[in-house]
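Trainee: Starting off with a structure, shown below.
The values are calculated or read from the model by the stated rules, or taken from the named source; none is laboratory data. No experiment lies behind these values; they were computed from the predicted model shown. Here the Cβ positions follow ideal geometry from the backbone for every residue, glycine too, while neighbour counts run over all protein chains shown. Protein only, heavy atoms only, side chains kept; ligands, DNA and RNA dropped before computing areas. Shrake-Rupley method; radii C 1.70, N 1.55, O 1.52, S 1.80 Å.
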Amino acid sequence: MTTDPARARLDQARQLLLEPYGIDESTLQRALASAFEHRLDDADIYLQSTRSEGWSLEEGMVKSGSFGIEQGFGIRAIEGDKTAFAYSDDISATRLLEAASTVRSIARQGRGRVRLGAPRHAPGGHALYPAVDPLTTLDSAAKVELLKQADAMARAKDPRVAQVMASLAGEYDVVLVLRADGRLAADVRPLVRFNVTVIAEQAGRRETGSSGGGGRFAISEFDTRSVREHVDEAVRQALLNLESRPAPAGEMSVVLGSGWPGILLHEAIGHGLEGDFNRKGSSAFAGRLGQRVAAPGVTVLDDGTLERRRGSLNIDDEGNPTERTVLIEDGILVGFMQDTLNARLMKRPVTGNARRESYAHVPLPRMTNTYMLAGDKDPDEIVASLDRGLYAVNFGGGQVDITSGKFVFSASEAWWVENGKLQYPVKGATLIGNGPDALTRVSMIGRDMRLDPGVGTCGKEGQSVPVGVGQPTLRIDRITVGGTG
């Protein structure tokens, strides 16, 4: 039995993606070779099988149960900045050769320098999460029972709880990548998530609270204790929002809480640090490597190597190991997130950030786990520093314009602060600003860096992938708050 995790994952992928269809690495090489009628800069074949499952409960009853299996392959050829791509949900030698022929007919004759290599195992690499099917670690009855426990716990906690919605989801994702140079790599990716939403009602007013968590581990790790923690948080938020007042509006200093508020960092800054936007000059950070883009003390990383985290990967979707990439160091822009194509064209290192939603999509440079490092301030001291301002503990949705960096984010939990003391919770607060500008206005950084609980999903060019975010408590001076009061 092999002790090399990368080889063990490769054996598992062969058993699932190749052997049942009577193909092997030589079949993949023949298909890739047939695309090399013209000289290319790069090419790969990506095979994938995903088994997913989801359960949801509402009004004390299971409302839905979904089960699905998706599998297929995509074959890609690159010359310069042009990509030819074909995919199929039928894994077979015939379809592989047909797809390679399609790619060959799309690709124009180029001047690329890469030649096809014989398949060879890429040894070593990460072992960040167990190579298991997370869905089989708990039977269906036990999964439904967890959801029913969440419902009962929430209703027992306070009579104002009027409605409870809970969900449990997971997937078992196996991928195999053959690169033009012959590198062969595989990954086995468990992913699970639990969520609970509570609606509380009082005197005709209804408010919502939510909590959830997940990561790359077995679904059996959700137990009574972890469910109770999420239920307690969801009920706390809902009851707190019943007491909220309209949020004030205007320009003011704002304190952002630790953890999930890092979603603002992800959206307003992270996307602008992806290689393709910078190569094309459409990012607000384009052409600014080596320049100060943030206040001193601000260090931002993207790290796909954190164990068991939702955004982590042993290999990216081009077969490259993920990395811990420093993007902004002490306020200076030092790097971008890169896939192979953009790294080659920008003459920058590959950082293992190529990601795709599925075999039917081309990879793009994407975030994994993006976060800001801790500073040296006590979080209570940061809140106490506000004379009049907003303390945004948690965020809901938001949107950003990559080119300008402008963002709008809504707070799901926020407090009005006067003379350094929390006065009352507020509802309807939105933060409006510019990502690169907001970075320069960071004046205090907490020592409490925390990652989100494992619920993030990122969209880009119609593709969604799981991600992680994180940050310490931050004070940002002079930012516009849109309110309802």
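Trainee: Please give the charge dipole size of the range 315-400, origin at the Cα centre, charges +1 on K and R Cβ atoms and -1 on D and E Cβ atoms. Round to the nearest 20 debye. Could you put the intermediate results ahead of the total?
Mentor: Numbers: 9 positive and 13 negative charges, 101 e Å.
Here the size comes out at about 480 debye.
Trainee: Suppose accessible area is computed on protein heavy atoms with a 1.4 Å probe; arrange R245, R441, R9, R348 from highest to lowest. Provide the component values of the computation, followed by the final result.
Mentor: On the way: R245 125, R441 60, R9 15, R348 85 Å².
These residues rank, largest area first, as R245, R348, R441, R9.
Trainee: Let me cross-check T137: its accessible surface, 1.4 Å probe, with only protein heavy atoms counted, in Å² to the nearest 10?
Mentor: 60
Trainee: Output the antiparallel fraction of DSSP beta bridges having both residues in the chain, as a percent to the nearest 5. Intermediate results must be reported in sequence, preceding the final value.
Mentor: Working: 120 of 133 bridges.
Taking every DSSP beta bridge with both residues in the chain, the antiparallel ones total about 90 percent.
Trainee: Provide the net charge surrounding D452, with neighbours chosen by a C-beta distance below 10 Å and charges set as Lys +1, Arg +1, Asp -1, Glu -1. Each step should come with its number before you reach the end.
Mentor: Numbers: positive: R309, R310, R450; negative: none.
Net charge around D452: +3.
Trainee: Tell me the carbon and sulfur percent of the accessible area for the chain, rounded to whole percent, probe radius 1.4 Å.
Mentor: About 48 percent, which is the carbon plus sulfur part of the accessible surface.
Trainee: Provide the FRET efficiency to the nearest 0.05 for the R120-E19 pair, computing r from the beta carbons and using R0 = 22 Å.
Mentor: Details: r = 19 Å, r/R0 = 0.88.
So, using R0 = 22 Å, E works out to roughly 0.70.
Trainee: Heavy-atom accessible area of V400 with all protein chains present, probe 1.4 Å, nearest 10 Å²?
Mentor: About 40 Å², ignoring ligands and nucleic acids.
Trainee: Right, next: Of the listed values (i) 186; (ii) 146; (iii) 171, grab the one calculated as volume of the Cα convex hull per residue in Å³ from the structure here.
Mentor: Given (i) 186; (ii) 146; (iii) 171, the calculated one carries the label (ii).
Trainee: With equal scatterers on the alpha carbons only and no solvent term, can you work out the Debye log10 of I(q)/I(0) for the range 340-423 at 0.12 1/Å?
Mentor: Taking Cα atoms of the range 340-423 as identical point scatterers yields -0.66.
Trainee: Give, in nm to one decimal, the length gained when the segment between E329 and R205 is fully stretched (0.36 nm per residue of separation minus the Cα-Cα distance). Mind showing how you got there, number by number?
Mentor: On the way: separation 124, 0.36 × 124 = 44.64 nm, distance 4.64 nm.
Result for the pair: 40.0 nm of gain on full extension.
Trainee: Size of the dipole of the chain about the Cα centre, Lys and Arg at +1 and Asp and Glu at -1 on the beta carbon, nothing else charged, in debye to 20? Don't skip to the answer; put the middle values down first.
Mentor: Details: 57 positive and 63 negative charges, 189 e Å.
Computed about the Cα centre, the dipole is about 900 debye.
Trainee: Sticking with this one: Are any of the pairs K377/K460; K143/K460; K280/K460; K157/K427; K148/K427; K148/K460 more than 25 Å apart by Cα-Cα distance, and if so, which?
Mentor: Working: K377/K460 35 Å; K143/K460 32 Å; K280/K460 16 Å; K157/K427 23 Å; K148/K427 30 Å; K148/K460 35 Å.
Violating the 25 Å Cα-Cα cut-off are K377/K460; K143/K460; K148/K427; K148/K460.
Trainee: Quick one: ranking E418, E53, E59 by accessible area, 1.4 Å probe, largest first, what do you get? List each step's numbers first, then the result.
Mentor: Details: E418 55, E53 20, E59 110 Å².
Correct descending sequence by accessible area is E59, E418, E53.
Trainee: Place +1 on the Cβ of every Lys and Arg and -1 on the Cβ of every Asp and Glu in the range 320-434, take the dipole about the Cα centre, and give the residue among A414, I402, P425 whose Cα lies farthest towards its positive end.
Mentor: I402
Trainee: Probe of 1.4 angstrom, ligands and nucleic acids ignored: what's the accessible area per residue over the chain, in square angstrom?
Mentor: On the way: 19170 Å² over 485 residues.
The answer is 40 Å² per residue.
Trainee: With only alpha-carbon atoms counted, please give the Rg and Dmax of the range 54-203, in Å.
Mentor: Radius of gyration, then largest Cα-Cα span, for the range 54-203: 23.5, 72 Å.
Trainee: With 5 Å bins from zero, work out the P(r) of the range 244-352 over every alpha carbon pair and list the percent per bin.
Mentor: Result returned by the calculation: 2, 11, 17, 22, 19, 13, 7, 5, 3, 2, 0.
Trainee: So how do E201, E233, E461 rank on accessible area, 1.4 Å probe, biggest first, that is with the largest at the start?
Mentor: Values: E201 75, E233 55, E461 125 Å².
Solvent-accessible surface, decreasing: E461, E201, E233.
Trainee: Mean separation of Cα pairs under 8 Å and 6+ residues apart, divided by the residue count of the chain: what relative contact order is that in percent? Mind showing how you got there, number by number?
Mentor: Values: 1349 pairs, mean separation 76.0, N = 485.
Rounded, it is 16 percent for the chain.
Trainee: Still on this model: Which of the trypsin sites (Lys or Arg not before Pro) across the range 341-403 are loop residues per DSSP, with 12 or fewer other Cβ within 10 Å? Kindly include the intermediate steps, with their values, before the conclusion.
Mentor: On the way: sites: R344, K347, R355, R356, R366, K377, R388; in loops: K347, R356, R366.
Passing sites in the range 341-403 are K347.
Trainee: Then there's this: Please compute the modelled spin-label separation between R388 and Y424, points set 7 Å along Cα→Cβ, answer in nm with one decimal.
Mentor: 1.6
Trainee: Tell me the angle of helix 140-157 to the major Cα principal axis of the chain, expressed in degrees between 0 and 90 and rounded to the nearest ten.
Mentor: 20
Trainee: By how many nm would the segment from T457 to R348 lengthen if fully extended, with 0.36 nm per residue of separation less the alpha-carbon distance? The partial results should precede the final answer.
Mentor: Values: separation 109, 0.36 × 109 = 39.24 nm, distance 2.69 nm.
Gain on stretching T457 to R348: 36.5 nm.
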